[in-house]
Each structure stands twice: as structure tokens, then as C-alpha cells.
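What follows is a set of notes on a single structure, which appears directly below.
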Amino acid sequence: MASTADNNSFTQADEYDVVVVGAGFGGVYGIHRFRQDGLSVLGIEGGSGVGGVWFHNRYPGARVDIDSVVYCYHISNEIYRGWKWKERYAAQPELLEYINYVADTLDLKKHILFNTWMTAGEWQPAEKRYVIKTSTGRTIRAKFLVMATGQLSEARKPPFPGLDEFKGEWVQTSHWPDREVKLAGRRIGIIGTGSSGVQAVPRLAEQARHLTVFQRSPNYSVPAQNKPLDEATWEMVGADVPAEKARLLKHFGAQHRPRGTQPASAFTPEEQQAMIEKQWNAGGHAMSAIFSDQTTNAASNELVAEFVRNKIRQTVKDPVVAEKLCPKDHPIGTRRLCLDIGYHETYNRDNVTLVDVREAPIERITATGIQTRDGKHYELDLIVFAIGFDAFKGAVNSANIRNEHGRAPTDHWDRGPQTLLGLMTSGFPNLFMVAGAGSTSVLANMVMVDEHHVDWIADCIQHLKKNGLQSIEPEVGAERDWSQFVADAAGKILRLNVNNYMVHVNKDGSRVFMPYVGGFDKYVALADASAAKGYEGFKLQ
Ligand code: NAP
């Protein structure tokens with residue numbers, strides 16, 4: 001991995017045009033773009049290097065689940081072609097090397113304060129500045145505050161009683177230590193079988209003396225069908241990067257994957273099965289969209305779901321274990337589909353045990369392992385928590401931002417996120433969120449989502465400058481209308497009724513799907529239309 005910048009090797013000022021919080025894909029591009037526009041910019045990053053989610057999630061098996069040829073920057077032909085991916089889905093070490101390559105090539109690290117957390121930020125209306133405090137005791141003033149903190153950065157804390165008494169070692173996939181974690185010969189327990197757990201399980205099993213997987217809900221997981229880079233695609237995409245970027249901005253998911261255009265009922269049962277099998281062999285998220293009505297019609301969805309369950313039954317030799325691994329409480333694609341490399345095969349190993357914690361919930365962690373409610377005790381040397389994130393609100397809340405009335409950005413989000421375009425929230429002038437709730441966010445290729453958002457914010461700042469304006473924030477009515485539009489777009493999807501980190505559940509049981517499901521292409525058109533009309537829906541002063 002490339003070296004991180006030495007914070008002592010240069011002197012930062014106390015006053016900036018833009019402060020960017022987070023040095024993942026969004027933050028790194030933001031620093032580049034704002035600097036290119038002639039603005040003074042400072043990045044603040046809690047980790048010791050760039051990478052964001054790929055810096056922290058360095059667990060064994062971590063890998064992107066979107067094709068690498070699109071999950072990368074589209075800044076220029078030179079940046080694109082200066083890097084050649086090794087595999088269809090890059091593994092975490094390569095992703096981290098890549099983002100270091102970009103940051104080093106563009107000489108961006110000198111603008112970032114590493115090992116530094118933003119601890120508070122307060123809008124000063126008279127000065128039209130945020131006053132930002134850091135964990136290292138600095139006070140920085142900025143006209144614009146850009147939260148590029150990602151949706152999956154604030155990890156859920158392990159809620160299990162007794163963890164303090166555990167005499168072994170415990171780690172989280174979301175903050176895997178930057179040192180060797182001994183796996184070989186150890187009795188390892190892993191809690192959580194979402195994307196992170198599903199990726200980690202096969203790699204942990206290869207080394208563990210014994211691996212016990214504590215599963216609360218089985219998830220649909222399909223083979224990633226990872227393979228070496230398809231050179232022809234890389235050549236094609238890299239031949240004209242601006243044209244490729246324009247193409248991705250017009251795609252539903254900011255990638256190349258196909259989507260079914262006809263409902264399942266348009267095909268015979270034989271045709272349906274052949275289509276599903278073909279997609280299974282191709283691999284990837286397109287498994288969630290083989291038929292045009294798969295996300296809204298339970299019967300169409302069940303065709304694909306049952307196909308995947310049957311694959312699990314064929315793969316896992318023990319029929320009892322196979323059945324426990326079959327998701328039956330939610331339709332396929334209503335939680336993020338997992339892409340795996342050998343996940344279900346892992347349960348055929350002698351050194352792997354599946355524990356269903358819905359049948360026998362975890363009671364407590366003891367000095368030597370995990371106790372379940374059925375009286376069983378699992379002796380462990382290492383516990384791995386793969387239990388997910390406080391998405392959408394977590395990272396914004398943890399930065400402790402306040403306006404002049406002492407309110408936090410999410411104080412008026414008690415019935416779900418209130419944003420305009422997922423970019424800003426009312427009452428907080430000049431505070432931007434990259435890939436925030438109310439945008440397509442994690443539903444599309446995040447690198448392109450980040451690039452589009454940063455470009456939109458940068459253009460907006462230039463617009464303010466050119467017109468002698470000081471601040472921008474959403475009008476309350478426009479924010480309400482956008483939030484309703486986002487909610488309406490999700491009204492018919494099966495996904496709304498399945499509990500997962502993208503759904504906000506109100507006290508009265510009503511639900512709000514937090515990202516915008518209408519498609520990245522449609523979102524881009526709406527966001528750009530607002531900009532073209534002088535930032536329609538926003539109050540500019
Ligand atoms: P997640 O999808 O939220 O999964 C968390 C898992 O922990 C679930 O299986 C959950 O069970 C379990 N869990 C949570 N609390 C528990 C408890 N108290 N007791 C027992 N089990 C508990 O989190 P994730 O796997 O970290 O993935 C989050 C997102 O990160 C993904 O959806 C994806 O967007 C992203 N991600 C992407 C990649 C990739 O690109 N390849 C890799 C990893 C993650 P329940 O289901 O029962 O709640």
C-alpha cells in the first residue's frame with residue numbers, strides 16, 4: 001500500500017473554501033475537483049490513509065460486487081488507463097492500491113488531515129461559515145462543508161452482553177485491524193451473514209481450526225463468477241472515458257448490467273428457467289432484475305428465489321443445513337443480493353458449523369465463547385462481528401453538526417430522511433452530503449454516484465461564486481416534495497416491506513425506503529434539471 005501523507009510535512013491554514021470530510025472515493029474526487037476549480041480545500045479523514053470503506057473493511061474475502069471496469073473513477077483517459085484491474089471484481093487490497101494510485105497521481109494527499117475526526121461543526125450565520133472542530137484540537141473555518149462520509153461507515157456496535165469478559169480476541173469486519181489477525185488453527189465464530197459475512201466465511205473456513213457461523217437470517221447469495229479482467233471490455237471502456245462517463249450517467253445503475261424488459265408472464269416456464277440459469281452462469285446483480293416485474297410482483301420474484309434455493313439444496317450436502325441456508329422470509333433482491341465465491345460450498349467442510357440463532361438466540365458472550373439460549377456453549381478463540389452499519393444517518397450524526405438554532409441535520413428526520421435530491425437538508429446552508437439518503441446512493445455504482453454528486457456540488461459552488469451569492473439550502477416545501485417523491489417511487493416495491501438497513505420504520509409501523517429507487521439515470525436528469533434552472537427548489541442568498 002502506498003504511504004500516507006505526513007500531516008506534519010505541511011502547514012494547513014485555518015480557513016478554507018471547502019472542507020471535505022472522508023477520504024473514500026467521494027472525498028478523494030471532491031478534493032481533486034474543488035482544487036481544480038481554484039478553491040482552497042481541506043480533507044479530514046479518521047483513518048491513516050485514503051480509501052474510506054475500502055480502508056476499513058479489510059477483512060479476508062472483502063471484494064467489490066460491481067464490475068471493476070465501472071467501479072472506478074472516470075476522471076480522464078489517463079487516470080483510467082494508468083490502472084489495469086486484475087479481476088472482474090477487485091479484491092480489497094487492489095481497491096486500496098487503486099485509490100492510492102489516484103490520490104498519488106493527482107497529488108491529493110497533501111490536502112488531507114489523516115488520523116483526524118471531525119468532532120463538531122457549527123454554522124455561523126453572520127460569517128456564513130462552518131466552524132469545525134477536530135479530534136486533534138484544531139478549529140477550521142469553511143464556507144462549504146461536504147460530508148463524503150459514505151453510507152456504510154458507522155458500524156453497529158456489538159450489542160451482546162458479556163463481550164467485556166471475553167478472554168479471546170474479537171474484531172469487526174467493518175473495522176478490520178490493519179495488522180495480521182491470526183486465523184490459522186483458531187476456533188473462530190462469526191456473527192452476521194450479510195454481504196460482509198458471506199464474503200468472509202469461505203476465507204475464514206480455509207484457515208480456522210473450526211468456524212462456527214451464527215446466522216440470524218439466511219440471505220440470497222449467488223456466485224460472483226469472478227474471473228480475470230476482460231481485457232476487451234477494459235479496452236473498450238478506456239478508449240474514450242468521457243463518453244463512457246456519459247453512458248454510465250444514463251444507466252439505471254451506473255454500470256453495464258442488463259435489466260429485464262418483459263415480465264415473467266411473457267415467457268413459458270421453460271424459457272423462464274433458461275433465462276434464470278443463463279443469468280446464474282453470468283453472475284452479478286442482474287439476478288435481481290431478470291424480469292421487469294421481479295421487484296414488484298411476488299410470483300415473478302418467487303421463480304428466481306426458488307431457483308436460487310434449489311441451487312443451495314444441490315450444493316449443500318446436509319439437507320438440514322441446506323434448508324437453514326435457504327431464505328424463505330423475504331423475496332430475492334429485497335435485501336442486497338450477496339455475491340460470493342464458494343459460500344454455500346463452505347458448509348460441506350468438516351470444520352464448519354452453522355448455528356441458527358433465530359431458533360436459539362445468542363444469550364451472552366462468556367469468557368471463552370458464545371452461549372445460546374438452548375443451553376449450548378461454543379468455545380471460541382476469535383469472534384468476528386459482521387453485523388452491519390447505521391446507514392444513512394450514522395455518519396452525518398457522528399460529526400456533530402449544528403445550525404445556529406442548535407439543531408442537528410437529522411433532527412427533522414424522525415419520519416424518515418428529509419433531503420432535497422439527497423444532497424442537502426433544510427436548515428443547514430452550504431452543508432452537502434455525497435450520496436445521501438434520498439439519492440440513489442448505494443443502489444447504484446457508488447463511484448459514479450460520488451462523481452456525479454461532487455460534480456453537482458462543485459458546479460453549484462461555481463454558480464454561487466459567479467453570481468455573488470453566499471449560501472444555498474433547500475426550501476422546506478421542495479424538500480418535502482422530494483422526500484414524498486422518493487417515498488412514492490418505492491411505494492410498490494416488494495423491498496419496502498422487508499426489514500433491512502435501507503428501510504426506515506416509523507413508530508406507527510409505516511415505512512420509508514431511504515434511497516431513491518427510480519434509477520440513477522432518472523435521478524441524474526432531475527438533479528441536473530434543478531441545476532439548469534438556477535438550482536430550482538433551493539434558496540440561494
Ligand atoms: P448487513 O447486510 O446489514 O448484514 C448484517 C448481518 O448481521 C445480518 O446477517 C444480520 O442479521 C446480522 N446481525 C445483525 N445484528 C445481529 C444480532 N444482534 N444477532 C445476530 N445477527 C445479527 O451488513 P453487511 O454484511 O456489512 O453489509 C452491509 C452492506 O455493505 C451491504 O448491503 C453492501 O451494500 C455493503 N457491502 C458490500 C460489499 C461488496 O461490495 N462486495 C461487501 C460487504 C458489504 P439479520 O439479517 O437477521 O438482521
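Looking at the chain only, what percent of DSSP beta bridges run antiparallel? Nearest 5 please.
40 percent
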Discussion item. Going through the cross-link list Lys227/Lys328; Lys182/Lys393; Lys393/Lys507; Lys128/Lys522; Lys84/Lys278, which pairs have a Cα-Cα distance over 23 Å in this structure?
Written reply: Lys227/Lys328; Lys182/Lys393; Lys128/Lys522; Lys84/Lys278
Worksheet item: Trp234: net charge of surrounding residues, Cβ under 12 Å, Lys/Arg +1, Asp/Glu -1, itself excluded?
Response: -2
Response to the item:
Ordering 493-501, 372-380, 215-223 by per-residue average of other C-beta atoms within 10 angstrom, highest first, gives 215-223, 493-501, 372-380
Worksheet item: What does the convex hull of the Cα atoms come to per residue for segment 1-128, in Å³?
Response: 125 Å³
Worksheet item: So how do His330, His405 line up by other beta-carbon neighbours within 10 Å, fewest first?
Response: His405, His330
Fill in: Dmax and Rg, reported as Rg then Dmax, of segment 149-229 (C-alpha, Å)
14.3, 46
Practice prompt. Pop out the ³J(HN,Hα) list for segment 306-319 in order, Karplus 6.51 cos²θ - 1.76 cosθ + 1.60 with θ = phi - 60°, rounded to Hz; leave Gly and Pro as x.
Written response: 5, 4, 5, 4, 5, 5, 5, 4, 6, 7, 8, 5, 7, x
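Quick check on the exposure proxy: order Thr136, Thr119, Thr212 from fewest to most C-beta atoms within 10 angstrom.
Final ranking by Cβ density, sparse to dense: Thr136, Thr119, Thr212.
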Discussion item. Just to confirm a number: summing +1 for Lys and Arg and -1 for Asp and Glu over residues other than Leu380 whose beta-carbon lies under 9 angstrom from that of Leu380, what do you get?
Written reply: 0
Worksheet entry | Normalised contact order of segment 1-139, rounded percent, pairs of Cα under 8 Å and 6 or more residues apart | 28 percent
Item to complete: Give, in whole angstrom and from largest to smallest, the semi-axes √(5λ) of the equivalent ellipsoid of segment 255-320, with λ running over the eigenvalues of the Cα gyration tensor.
Response: 21, 14, 11
Discussion item. With 10 angstrom as the radius, rank Asp411, Asp107 by how many other C-beta atoms surround their C-beta, starting from the fewest.
Written reply: Asp107, Asp411
Worksheet item: For segment 487-541, what relative contact order do you get, as a whole percent, if you take Cα pairs closer than 8 Å and at least 6 residues apart?
Response: 28 percent
Worksheet item: For the chain, what percent of Cα pairs sit more than 39 Å apart?
Response: 26 percent
Item to complete: Determine the equivalent ellipsoid of segment 324-440 by diagonalising the alpha-carbon gyration tensor, then write out the semi-axes as square roots of 5 times the eigenvalues, largest first, rounded to whole Å.
Response: 40, 20, 13
Worksheet, complete the sentence: The summed charge of the Gly284 Cβ neighbourhood (under 14 Å; Lys/Arg +1, Asp/Glu -1) stands at +2
Worksheet item: Counting pairs of alpha carbon atoms under 8 Å apart in space and at least six apart in sequence, what relative contact order in percent does the chain give?
Response: 19 percent
Discussion item. Counting C-alpha atoms alone, how compact is segment 368-429: give Rg to one decimal and Dmax as a whole number, in angstrom.
Written reply: 19.6, 55
Discussion item. Whole angstrom only: what separates the Cα centroid of segment 227-298 from the Cα centroid of segment 436-466?
Written reply: 24 Å
Response to the item:
Output ordering of 40-49, 417-426, 68-77 (per-residue mean of other Cβ within 10 Å, highest first) is 417-426, 40-49, 68-77
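Computed from the coordinates by the stated procedures, all read-outs in this text should not be read as laboratory data. The model shown is predicted, which means the values in this text are computed figures rather than measured ones. In this analysis, Cβ positions are derived from the backbone assuming ideal geometry, glycine residues included, and neighbour counts consider all displayed protein chains.
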